[in-house]
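Notes follow once the structure below has been shown.
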Amino acid sequence: MRRAAVASADPGLVELAPDQRLRRLEMTVTRRLNGLLHGQYRGLLPGPGSEPAGSREYRPGEDEVRRMDWAVTARTTVPHVRQVDADRELTTWLLVDASASMEFGTAELDKRELAVAAVAAIGFLTAGVGNRLGAQVLGADGVRRFPARSGRTHLLGLLRSLLAAPRATAPTDRSASAPPELVDGLDALHRVANRRGLVVVVSDFLDGLPDDPAEQPPWERTLRRLTARHQVLAIEVTDPRELELPDVGIITLVDPETGRHREVCTSDRGLRERYAAAAEAQRDQVRQALRRSGASHLALRTDRDWSADIVRHVHAQRRLAAAPAGNRGGAA
């Protein structure tokens, strides 16, 4: 069960029509991430792609010397570097969590809008001739599939669908079937992502977290299976009110997945401290699970500049990719 979140999000966040929000989002991404849009696949995660695909001529200032193909260079007397499939054609698969807990927000964005912003950034960063983007969207009514296709029109269509999708709500009918869980979306992604490429999972990762921190979340094993074949980026989306309670008197907490309500008095300092400690322990569970699975971890918050956080992450991964193998640490 996901931990309850404070009810109500700012209604001003959803005043714009989907097409207006899409134009504003595209402008933000292209303006703020412009310096990264001409990067290569290996810029998003440490290390280049993996499947050999011949060689090409060395490009001074762009290629790394450690990727030199010395055999071809000696045979042709022209510097060549090893080329991999990921440099020529990349297939990116996205799993976007659009469940009820992602409808929460108390800052400039709600969590679902921040997830869409992350999808837009990944889409534009991985755009290129021959590159394809596919998605699985995890909602209350199941897993919606978007086949992997290339082109700006396909990306904008995916973003428009995410922005215009009906808001997920907590079930009111106790007899209704349970909504799909994160592990279901990961399983579906594992079935369709046959060719080695980039997998991006955008979620709050709260689904099914066990009460015992020593236990593994149900989605960790499937995520580990994906990292065995693909480069995986886990984008964790959080809101500040999920991490600490404000001192505002009596408030109503709502479990977004079940609809259960509970009133609490936030004037109780001990309660706020216990809440913050439990929230930090929960986020640490997520961090540890992602680290064990081998996924790269990017944390985004609704009260922070998400584009700046993405820029910092990409720059850090590019530095990691360029560092000698012996000096590399774990995934960020």
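Please treat every number below as a calculation from the coordinates, not as lab data. These figures come from a predicted structure and were not determined experimentally. Don't worry about glycine lacking a Cβ; one is built from the backbone with ideal geometry, like all the others, and counts go over all protein chains shown.
Quick look at the values:
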| read-out | value |
| --- | --- |
| Distance from the stretch 279-293 to the stretch 121-146 (C-alpha centre basis), Å | 25 |
| Extreme residue, positive dipole direction of the stretch 130-278, given options Leu162, Phe146, Pro179 (C-beta unit charges) | Phe146 |
| Simple label model, 7 Å out from Cα along Cβ direction - Asp247 to Glu108, nm | 2.8 |
